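Visitor: Supplied in structure tokens, the structure appears directly below.
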């Protein structure tokens, strides 16, 4: 049973009465922003390093972000437990800015996505028949997923348009990635723009903990991405001093040299193949699934999926899991990237189940190579 629509309708109605000149759309957004404000007040929303734990769910999130050596930290993140006042729902998002205004863009996207998504979700729900009888759980899950997917597509298109028109943020040559996860009961919705990555820790048939990559790193040299860019008269190539680092360029080959094929902002190349359209996937959580890691490329540039899962799993105190992963990435940058300025490093570790008791059968870490799987 979905309770959120009636709640938002009520809040929107209250706002409309108080401010009769506002349209229903504006009222809905104000209502969603009011929910976000209330979540922050009740310590159910976090946008900096720390932890988020609700007494009404088994979710537990550990969050950490560390500035690199390139200036201001352009990473932003958010965790919202009881998302939209739903006890069984949590929203996690991580955003990696780039360019001169990258930190402003990533923060703006972080602030806009959750509340805007709630509004679009409400609108999409109102256009569907919630009284439908589903004979199979699969039909119900597909219906719920389709609502989320359509809501995300509308939300991201609107936010990117707002960024282009924003009077105080210059997103012409600056932008941000966006990786988010919504956990609704035992259902995950994963949405990705850019090269931040989500990795799930699950157990195989032998009881070993293995990583499953839930997202695609959207780089310009991926066949489908490169085809779209070149079809739009954009160019994809590496610089001589950066072998293997493919970038998106304008037809003249001079700017901006973006190492992503999807991003918010960067409107100088939006006509040449760069898009902000998210890849939206889903997964049903099983008893085998233990936790998911969301991290910016500052982690994945130096730590493998397998190593990241092992670091988080082996941390005795879940509260320190994200911090330990970030610290391991910092050390890896010093060892593997000598002479290169360290990138900003941010991670969210979302645990699905309560801490295992001492009597539970211990899990082991699989030594096999990273497994990559999308859903």
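The values are calculated or read from the model by the stated rules, or taken from the named source; none is laboratory data. Just so you know, these numbers come straight off a predicted model, no measurement behind them. Glycine gets a Cβ as well: all are built from the backbone with ideal geometry, and neighbour counts include every protein chain shown.
Visitor: Taking the options 247, 283, name whichever one is under 26 Å from residue 212 (Cβ atoms) and buried (at least 19 other Cβ atoms within 10 Å of the Cβ).
Guide: Values: 247 fails: under 26 Å from residue 212 (Cβ atoms).
Result: 283 is the single residue among 247, 283 that is under 26 Å from residue 212 (Cβ atoms) and buried (at least 19 other Cβ atoms within 10 Å of the Cβ).
Visitor: Turning to a different aspect of this structure: Please find, among 168, 87, 135, the residue that is over 19 Å from the mean Cα position of the chain (by Cα), surrounded by fewer than 18 Cβ atoms within 10 Å (Cβ to Cβ) and modelled with pLDDT of 95 or more.
Guide: Working: 87 fails: modelled with pLDDT of 95 or more; 135 fails: modelled with pLDDT of 95 or more.
Only one candidate qualifies: 168.
Visitor: In addition: So, of the residues in segment 43-59 that are crowded, with 19+ Cβ neighbours inside 10 Å and out of contact with any helix residue (DSSP H, G or I) (no Cβ under 6 Å at 6 or more places or on another chain), which turns out to be farthest from residue 102 (Cα to Cα)?
Guide: Restricting to residues being crowded, with 19+ Cβ neighbours inside 10 Å and out of contact with any helix residue (DSSP H, G or I) (no Cβ under 6 Å at 6 or more places or on another chain), the top hit is 59.
Visitor: May I ask you to say which residue of 225, 242 is out of contact with any strand residue (DSSP E or B) (no Cβ under 7 Å at 6 or more places or on another chain) and surrounded by 22 or more Cβ atoms within 10 Å (Cβ to Cβ)?
Guide: 225
Visitor: In this structure, is residue 191 in contact (Cβ under 8 Å) with a residue 60 or more places away in the chain, in contact with a strand residue (DSSP E or B) (Cβ under 9 Å, 6 or more places away or on another chain), assigned to a strand (DSSP E or B) and under 19 Å from residue 264 (Cα atoms)?
Guide: Details: in contact (Cβ under 8 Å) with a residue 60 or more places away in the chain: yes; in contact with a strand residue (DSSP E or B) (Cβ under 9 Å, 6 or more places away or on another chain): yes; assigned to a strand (DSSP E or B): yes; under 19 Å from residue 264 (Cα atoms): yes.
Taking the combined requirement at face value, the residue satisfies it.
Visitor: For segment 68-89, what are the residues that are touching a helix residue (DSSP H, G or I) at 6+ places or on another chain (Cβ under 6 Å) and under 22 Å from residue 328 (Cα atoms)?
Guide: 72, 74, 76, 78
Per-residue answers, yes or no, for (1) surrounded by fewer than 18 Cβ atoms within 10 Å (Cβ to Cβ); (2) touching a residue at least 40 places away in the same chain (Cβ under 8 Å):
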site	(1), (2)
236	no, no
252	yes, no
271	yes, no
279	yes, yes
300	no, yes
317	yes, no
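Visitor: If you don't mind, there's one more thing I want to ask. Tell me, which residue of segment 336-370 that is touching a helix residue (DSSP H, G or I) at 6+ places or on another chain (Cβ under 8 Å) and assigned to a strand (DSSP E or B) is modelled with the lowest pLDDT?
Guide: 365
Visitor: Go over the candidates 65, 151, 116 one by one and state the one that is in contact with a helix residue (DSSP H, G or I) (Cβ under 8 Å, 6 or more places away or on another chain), within 14 Å of residue 36 (Cα to Cα) and either surrounded by fewer than 24 Cβ atoms within 10 Å (Cβ to Cβ) or modelled with pLDDT of 95 or more (or both).
Guide: Working: 65 fails: within 14 Å of residue 36 (Cα to Cα); 151 fails: within 14 Å of residue 36 (Cα to Cα).
Within the list 65, 151, 116, the selection yields 116.
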